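FYI, it's all coordinate maths here, none of it is from the lab. As the structure is a computational prediction, the values presented were derived from the model and not from experiment. Cβ sites come from the backbone with ideal geometry, for glycine too, and all protein chains shown count toward neighbours.
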Amino acid sequence: MCGIAGVVTWGWDSSELRTVECLLTALEHRGPDAQGIISRGVGTIGSVRLSIVDVAGSNQPISYRDEDIHVVFNGEIYNYAQLRRNLESAGHRFLTNGDGEVILASYLHDAERFTEQLDGMFAFAIWDARRESLIIGRDRMGIKPLYVYAGQDRLVFSSELRSLMTDRHVPADVSRDAIADYFTVRFSPPTCSPFSQVRKIEPGTTVAFDQRHPFGVVRASHRLAFPTFSGEERDRRSLEEALQESVSTTLAPDMPPATFLSGGLDSATVSALAAQQMGRIDAFSVGYAEDVWQDETPYAIDVARHIGARHDITHLVETSVSEAFLATLRSLDEPIYTPVCLSTYAVSEMAARTHKTVLAGDGSDELLLGYEHMHKAHQASLRGKPWRDEYWSALGWWSADDRRRVLDDDMLKRCAPEVSQERFGFAELAASGVDAAEAVRWFEVTSKLPEYHLSRVDRLSMAHGLEVRVPFLRDSVVDWAMSQPARALMVGRPKEALRFVARGLVPSSVVDRPKQKFSAPASAWLAGPMRDMTLDLLRDGVGAEELGLDVNGLARLAAGFHRDPRANTRTVWGIVVLLAWYRSLFDHIRQVRSANAS
């Protein structure tokens, strides 16, 4: 696991070593073990490294033999050993034992289709100095992030937005559409960022940039394909086999095995399979000392005892919540609504004290249709009732009435369901004739999963130098799930196929209990330890107009919170997250750009 960054200056040979050093300094938390930079012609690329595979021999950037071609790489290629053997048979020779050099050899072997062979979670950048071409790409599920600013004569890329924005040449114009997406469905589309001139590389695509194409052209696509069904459904036993193989592959061979364990079905199944294969694992959980209703640690304790895991639990207590909230916002590139961010940050901090990698259960609910709002959309469509706007509304975090009280007129127009659905391409998908179950699964897997869940897990774990691996998102498991018609997975209880796999591995109390959202006691936090900070943010309102907030509406929200801090929790939390994110990010941009200029 690493952080990667680079700069290309089209049209003139300008060393950007100092710029890339600044980009990497902002990524040091992602790679505390090593740092490297290489500059060739108009391109400079660099990396900070968290050493997991070939610890001694694969520091980056990696250069391939005598070719003037170099790579920086974030993530893991799980099938790199097999790819290496195939490439050696084709005449390639290697100087390291890691997966980064395999990416380079694969590129040289088949520049147009090499990413199709990569099984893993990754973001990479190849600087081909021979052609003055930059090739960057991401894994098909969007597990690893990659941001890019592409101007006419300058390109900047980085694993994190906060790093990229340290370059003073990158415009810091807030995208109102991206903020509107936060207001409507909590996240923005997979190619967008909170800044209008910065974009994310789309999951499953490889993009090439050169002087003739400074804004990039898609060179290859290994995106997830929309499912087509042969009529033959694969049985649940094949899901079990795929999960067993996936857990085995994602366990880092030279690292002590560990998992995040929430007490829910997904993480319990991953933990049990890991323990089955490794004998004994470490499991990490987070709980809430002041809120027993949202604390799932009793279930996590049962699972840990059942599988024989060493179990560590950290509790978020009221005295530490304000500090955790601010630390969390400093680690996020984009505003993310959910209070669970604090929990992810805390459990990652605990695990990182003793481990470099953990397994987690993310992705199961999207692939196997585990969320209640997905089932409601399906049931509404079966009854012939309108389902699209109701589903869209369920993705949000506040009512239309509250929006009208707090947002300005322009932002309200951008938040209209038909407008926001158009930005995501959901309107076209829903009108294409596919059934509701298929449409919502596709949207959840390709948009909500990478932009809402995986981005949160990546930033908040890597803030502590911890790599989170997700067995449910290995190709074999994803392919099994997407081979099943979505409506077939809706039959019976949610995630019945996974319950089949888990039965006998984990306690029946976990297998048979209804799904409980992994949540946090936001109301108690706002009314207690975060009260003064919340009032300060609402009253100060820094960035309010740029973010589409009506100043008078914000003042009324602050007054209402002052009278009753437990009222209107969802609206207050969402607005406070946005304001705190804005203040934190722009303070960072001003401070770093000022320091770099001097």
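With N the number of residues in the chain, Rg(Cα) / (2.2 N^0.38 Å) evaluates to 0.94.
The string of couplings for region 201-212 from the Karplus curve (6.51, -1.76, 1.60, θ = phi - 60°) is 5, 5, x, x, 10, 10, 10, 10, 10, 8, 5, 6 Hz, one whole number per residue in order, with x for Gly and Pro. In the chain, the DSSP beta bridges split such that about 75 percent are antiparallel, to the nearest 5. Residues whose amide H lies under 5 Å from that of A34, counting only those 5 or more places away or on a different chain, are R49; hydrogens are built 1.01 Å from N in the peptide plane. Subtracting the Cα-Cα distance of D512 and A416 from their residue separation scaled by 0.36 nm leaves 30.6 nm.
Here the dipole of the chain is about 540 debye; that uses its Cα centre as origin and unit charges on the Cβ of Lys and Arg (positive) and Asp and Glu (negative). Each label was represented as a point 7 Å from its Cα along the Cα-to-Cβ direction; for A431 and R113 these points are 3.6 nm apart.
Couplings 3J(HN,Hα) for region 556-573, derived from phi with the Karplus relation 6.51 cos²θ - 1.76 cosθ + 1.60 (θ = phi - 60°), are 5, 5, 5, 5, x, 5, 4, 6, 8, x, 9, 8, 6, 4, 4, 5, 4, 4 Hz, where x marks Gly and Pro. Residue by residue, region 584-593 carries 3J(HN,Hα) couplings of 4, 5, 6, 4, 4, 4, 5, 5, 5, 5 Hz when phi is fed to the Karplus relation 6.51 cos²θ - 1.76 cosθ + 1.60 (θ = phi - 60°); x denotes Gly or Pro.
Between Q211 and M255, the contour length at 0.36 nm per residue exceeds the alpha carbon distance by 11.6 nm. Taking amide H as placed 1.01 Å from N in the peptide plane, the amide H of T357 sits under 5 Å from that of E467, each at least 5 places away or on another chain. Distances between placed amide hydrogens fall under 5 Å for A220 paired with T206, all partners being 5 or more residues away or on another chain. For the pair R168 and D235, label points projected 7 Å from Cα toward Cβ lie 6.7 nm apart.
Dividing the helix sum by the residues of the chain, where each DSSP H run of 4 or more adds -39500 (n - 2.57), gives a mean residue ellipticity at 222 nm of -12500 deg cm²/dmol. The slack in the chain from L95 to V551, taken as 0.36 nm per residue of separation less the alpha-carbon distance, amounts to 158.1 nm.
With 23 Å as the limit on Cα-Cα distance, the pairs of K356/K515; K200/K376; K144/K356; K448/K495; K144/K448 that go past it are K356/K515; K200/K376. Compactness check for region 522-597: Cα Rg over 2.2 N^0.38 Å is 1.20. Given R0 = 60 Å, the distance between the Cβ atoms of T354 and R487 translates into a calculated FRET efficiency of 0.85.
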